[in-house]
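Each reported figure results from applying straightforward, stated rules to the coordinates on display, with no laboratory input. Everything numeric here is computed off the predicted structure, so don't read it as measured data. Ideal geometry is used to build each Cβ from the backbone, glycine not excepted, and the neighbour counts take in all protein chains shown.
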Amino acid sequence: MESTGTFTAVVTTAELRPGFLTTHMVEDRELIVATTAEGFHVYDATCPHSDFQLVPGRLPKGCLVECPMHGARFDAATGAVTKGPAKDPLDPIESRIVDGTLEVLVDWI
């Protein structure tokens, strides 16, 4: 399946620390970047359960994204729900690394 849209630079990989979650505004959409030992994982910054903003900070247990509203947890590498009340996973955003910069596919405009 061919993607539509263009890749846009978000942040240099040197600015991202393993075990942390950061937020970045890209084309009027807030995204989170979860930096794990396996790499960089980009998602929409809104919890699918409560439509509440996920916040930056240390990833609990090194690999979980936790919603501050109701405590839903998601696997940072896959976006899968690991603890409710959320039933839907995090919405992944296609990304790549080019010359030390994390880029995301902007296909929502």
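Which of the residues that make up segment 79-109 are assigned to a loop (DSSP other than H, G, I, E, B) and surrounded by 14 or more Cβ atoms within 10 Å (Cβ to Cβ)? Within segment 79-109, Gly79, Ala86, Pro89, Leu90, Ile93 meet the criteria. Among residues of segment 82-100 that are at positive phi, those with a Cβ under 6 angstrom from a residue that is not in a loop (DSSP other than H, G, I, E, B), sequence gap 6+ or separate chain, pair up as Gly100/Thr12; Gly100/Thr13.
Go over the candidates Cys67, Cys63 one by one and state the one that is touching a residue at least 12 places away in the same chain (Cβ under 8 Å) and touching a Cys at 6+ places or on another chain (Cβ under 6 Å).
Details: Cys63 fails: touching a Cys at 6+ places or on another chain (Cβ under 6 Å).
Exactly one residue qualifies, and that residue is Cys67.
Only one of Leu90, Leu102, Leu31 is out of contact with any Asp or Glu (no Cβ under 8 Å at 6 or more places or on another chain) and closer than 27 Å to Ala9 by Cβ. Can you tell me which? Don't jump to the end; show me each part of the working.
Numbers: Leu90 fails: out of contact with any Asp or Glu (no Cβ under 8 Å at 6 or more places or on another chain); Leu31 fails: out of contact with any Asp or Glu (no Cβ under 8 Å at 6 or more places or on another chain).
Going through Leu90, Leu102, Leu31 in turn, just one is out of contact with any Asp or Glu (no Cβ under 8 Å at 6 or more places or on another chain) and closer than 27 Å to Ala9 by Cβ: Leu102.
The single residue among Ala14, Ala45, Ala37, Ala9 that is more than 13 Å from the chain's Cα centre (by Cα) and closer than 21 Å to Val106 by Cβ turns out to be Ala9.
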